[in-house]
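Here's the structure we're looking at; comments come further down.
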Amino acid sequence: MTRTRQQNIEHLKDILENDQGRFGNYQELPPLLFERIPELEQIGSYFRKATLPVDSPRYTWLREQLPDGLSSAIDIGANLGFFSLSLAAEYGIEATAYEQLGIYSEACEALADLAGLDDKVICRSGELIVDKLPEQLSVADLSIHLSVLHHAGEVFDVDTVKKMGGWRAYALETLHILGDKTSHLFFQTGNLLG
């Protein structure tokens, strides 16, 4: 569905104001989007209330490590697309942002469109399943996989984790697949309890 700029702003505002997700306490938007989308100031309180902002420092680290010549990225667990949108805007990298929660994928898509990055950022929603990862993921230069894997076995792929003999075997298989799909991996497990 093609939306006008104002319709995209209203849709984004509706998504974010009604977001009851647990991720609102740390989600941020890249500062460059506020330059490209001045209307974000209307709904900026959502992004400024982050009590545990984590994307900015992780992105700073990534930029310091980023090798020359990268042209594509896959961003698994993209949330609102901080990394995909930043890499597209700053480096012209084509990014596919995978986000399980459809509401965040829609927000990422609206942000890409509003920022003029819809030709560089593709937002996909739905669950990525380890058994199907080789077919689901495109080949890319960089894979971003931050704070997702620790949810395996509890939030997604519950049966698969059991079938594979536990989280460690599942995690190693996932990382192996990502290694086959990409030449560079930016990875963080997240918080494991127990």
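Which residue, ASP141, ASP68, ASP157, has the most motion in a Gaussian network model of the chain that connects Cα atoms within less than 10 Å? Between ASP141, ASP68, ASP157, it is ASP68 that shows the largest mean-square fluctuation. Only lysine pairs 8 or more places apart, or on different chains, with alpha-carbon atoms under 27 angstrom apart are counted in the chain, and they number 9.
Does anyone have the angle between helix 82-91 and the longest principal axis of the chain? Alpha-carbon axes, 0 to 90°, nearest 10? Around 70 degrees separate the two axes.
Seen from all directions on average, the chain presents a Cα convex hull projection of 11.0 nm². Computed from Cα atoms, the angle from the helix 102-114 axis to the main principal axis of the chain rounds to 50 degrees.
When a/c is below 1.5 the answer is rounded, else prolate if a/b is larger than b/c, else oblate, so apply that to the range 51-137 with a ≥ b ≥ c taken from the square roots of the Cα gyration tensor eigenvalues. Rounded, since a/c falls under 1.5.
Calculated mean residue ellipticity, 222 nm, the chain: -12000 deg cm²/dmol, from DSSP H runs (n ≥ 4) at -39500 (n - 2.57) each, averaged per residue and rounded to 500. With a Förster radius of 30 Å applied to the C-beta separation of GLU127 and THR60, the computed FRET efficiency comes to 0.50. Split the chain at each of the GluC sites (Glu not before Pro) in a DSSP loop with at most 13 other beta carbon atoms within 10 Å, and the longest piece is 1-126.
What size of dipole, in debye to the nearest 20, comes out for the chain about its Cα centre when the only charges are +1 on Lys and Arg C-beta atoms and -1 on Asp and Glu C-beta atoms?
Dipole of the chain, to the nearest 20 debye: 400 debye.
Distance between the 7 Å Cα→Cβ label points at THR189 and GLU41: 4.4 nm. Once the Cα atoms are used to define both axes, helix 167-181 deviates from the longest principal axis of the chain by about 70 degrees.
Values in this text are rule-based calculations from the coordinates and carry no lab data. Quick caveat, the model's predicted, so the values are computed rather than measured. Neighbour counts run over all protein chains shown; Cβ positions are idealised from the backbone, glycine included.
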